[in-house]
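Visitor: Structure incoming, see below.
What follows draws every value from the coordinates through simple rules; no lab data is involved. Bear in mind that the values here come from a model prediction, so they are computed numbers and not experimental data. A quick note on method: Cβ atoms are made from the backbone with ideal geometry, for glycine too, and the neighbour counts reach across all protein chains shown.
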Amino acid sequence: MKAVRYLESKVHFFEDSFVRAVALMVGMAIGAGILAMPYVIYKAGFWTGMLVLAFIGFTIMLMHLYIGEIALRTEGRHQLVGYVEKYLGSNAKKILTFSMLFMLNGALVAYIIGEGAALKAIFGGDSFAFSMIFFVVMAIITLFSLKVITESEVVIGLAMMVTIFLICFFSSFHINFDNYQGFDITKFFIPYGVIFFAVVSGGAIPPMKAVLERSKGKLKKAIILGTLIPLVVYAFFSVIVVGVVGETFNVLEQGVVTVALGLVLGKYMNVFTNLFAVFSMSTSFIAMALIMKWVYQYDYGMRKSLAWLLTCMIPLGIVLLNVTTFVRVLSLIGAIGGGIEGIMIILMHYKAKKLGDRKPEYSLPNNIFLSALLICVFVVGVVVTILM
């Protein structure tokens, strides 16, 4: 998409470097989704949740490697929608574009709601009022396209990882091992959508290919490492938080886990953890809102003012309806958007092997049984998550 290519062109500090390629993927993956993951893992039962995390981790790793192979088989520079159009046609491109807009809008809704809960935990008062204040500030930043924030993704990602480590370290002294219990396979899809949303970062792979233009043979290793690091971080964070919070999760209205940590660990950790939540959701909101605005502006040819208006007003309208929660939104967009993307990646992988432009630096075999199984899981995940 033109908008994403525009964003990529502004990230001028990415050079031909393996470390920078991995950092790009890690920076895209580690975001506000971490604020809901321990909550849904606890609600499903700790061992059920960890099983789902392992399953989705394997699935996302495979999908990311598929995208990498597709990118290496294709000449020129494309984003995911470009590969879909080339191998699956214009109708598939429209479906994926709709899915991306659905996910972006949904994420903005979740962040507006989640910020209200985090700010209320710090200052007290009304969460809805804080949500509106946050929205106004973010809308102004989006209007003037303060791209310096999005151009610091590696630094922001590193800062978030350090903060996550500090939260885990100070929280670890309060773990109750009795909280590590519960397995019910019928609750498999409770954490499914949120984990999918948190882990998927296939959009980073085309820029990674550009970063490694002179050493494409390193792309597979960069994808594996860039996928594994966030998975390990998410697993570690979830283990610590579930062990500390336990039944306190049951009093949460929105499922923002830093609010629960603050309730358990006292006022100083309450401020620290919820400031982390405010920061992570703010940076994620800005990055996604700018991409959304550029989609309207560059892909659909809208005036800048109209693109900004659509970017901000659609999520605001949904929030004002008061029909959903932070966790529910993330679950829906992860299951639906991630499921649609996953199905298209599998289909593209088959087509790229036949219609690709060049021999790739690595190649994964097609496994009809595995592909059919994953497509079934994606479809069932969409249906079950909608009905929950």
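Visitor: Can you give the Kirkwood hydrodynamic radius for segment 340-379, in Å, rounded to one decimal and based on Cα pairs?
Guide: In segment 340-379 this quantity evaluates to 11.0 Å.
Visitor: A further question on this structure: Once Cα extents along the principal axes in Å is worked out from the coordinates, which option in [x] 69, 55, 32; [y] 65, 51, 43; [z] 58, 48, 40 does it equal?
Guide: [z]
Visitor: Now, a different point. Could you pull out the trypsin sites (Lys or Arg not before Pro) across segment 295-388 that fall in loop regions by DSSP (anything but H, G, I, E, B) with no more than 14 other Cβ atoms inside 10 Å?
Guide: ARG303, ARG358
Visitor: Further question: Cα-Cα over 32 Å: which of LYS220/LYS354; LYS86/LYS218; LYS86/LYS216; LYS221/LYS267; LYS221/LYS351; LYS218/LYS351?
Guide: Cα-Cα > 32 Å for LYS221/LYS267; rest within.
Visitor: For the chain, what is the mean residue ellipticity at 222 nm derived from helices alone (per DSSP H run of n ≥ 4: -39500 (n - 2.57); sum divided by total residues; nearest 500 deg cm²/dmol)?
Guide: -24500 deg cm²/dmol
Visitor: Related question: Could you point to the residue in ILE70, ILE343, PHE173 farthest towards the positive end of the chain's charge dipole, with +1 and -1 charges on the Cβ of Lys/Arg and Asp/Glu respectively?
Guide: Farthest along the dipole direction, towards plus: ILE70.
Visitor: Once the Cα atoms of segment 290-373 are picked out, what are the Rg and Dmax in Å?
Guide: 18.9, 51
Visitor: Please get the size of the charge dipole for the chain, origin at its Cα centre, with Cβ charges of +1 on Lys and Arg and -1 on Asp and Glu, quoted in debye to the nearest 20.
Guide: In debye, rounded to 20, the chain gives about 1180.
Visitor: Of LEU104, VAL239, GLY182, which is farthest towards the positive pole of the chain's charge dipole, taken about the Cα centre with +1 and -1 on the beta-carbons of Lys, Arg and Asp, Glu respectively?
Guide: My answer, from the dipole projection, is LEU104.
Visitor: What is the Cα centroid distance between segment 82-112 and segment 315-372, reported in whole angstrom?
Guide: 9 Å
Visitor: Given Cα pairs under 8 Å that are at least 6 residues apart, what percent is the relative contact order of segment 2-387?
Guide: 37 percent
Visitor: Among the GluC sites (Glu not before Pro) within segment 201-300, which fall in a DSSP loop and have no more than 14 other Cβ atoms within 10 Å of their own Cβ?
Guide: GLU213, GLU253
Visitor: Another one. How big is the dipole moment of segment 221-378 about its Cα centre under a simple scheme where the beta carbon of each Lys and Arg is +1, that of each Asp and Glu is -1, and everything else is neutral? Debye, nearest 20, please.
Guide: 540 debye
Visitor: Now a separate question. Convert each backbone phi in segment 206-218 into a coupling constant with the Karplus relation 6.51 cos²θ - 1.76 cosθ + 1.60 (shift: θ = phi - 60°), then list the ³J(HN,Hα) values in order as whole Hz, x for Gly and Pro.
Guide: Each residue's phi maps through the Karplus curve to give x, x, 4, 4, 5, 4, 9, 3, 8, 9, 4, x, 8 Hz.
Visitor: Can you compute 3J(HN,Hα) from phi for each residue in segment 291-296, using the Karplus curve 6.51 cos²θ - 1.76 cosθ + 1.60 with θ = phi - 60°, rounded to whole Hz and x for Gly and Pro?
Guide: Here the 3J(HN,Hα) series is 4, 4, 4, 5, 4, 4 Hz.
Visitor: Where does helix 304-321 land angle-wise versus the long Cα axis of the chain, in degrees 0 to 90, nearest 10?
Guide: Once rounded, the angle reads 40 degrees.
Visitor: Write out the GluC sites (Glu not before Pro) in segment 37-121 meeting two conditions: DSSP loop, and at most 14 other Cβ atoms within 10 Å of their Cβ.
Guide: Answer by residue number: GLU75.
Visitor: Now a separate question. Show me, for segment 95-107, the HN-Hα J-couplings you get by feeding each phi into the Karplus relation (A = 6.51, B = -1.76, C = 1.60, θ = phi - 60°), rounded to Hz, glycine and proline as x.
Guide: 5, 5, 4, 4, 4, 5, 5, 4, 5, 5, 4, x, 5
Visitor: Now for a separate question. Just to confirm the number: angle between the C-alpha axis of helix 219-245 and the first principal axis of the chain, 0 to 90 degrees, nearest 10?
Guide: So the helix axis and the longest Cα principal axis differ by about 10 degrees.
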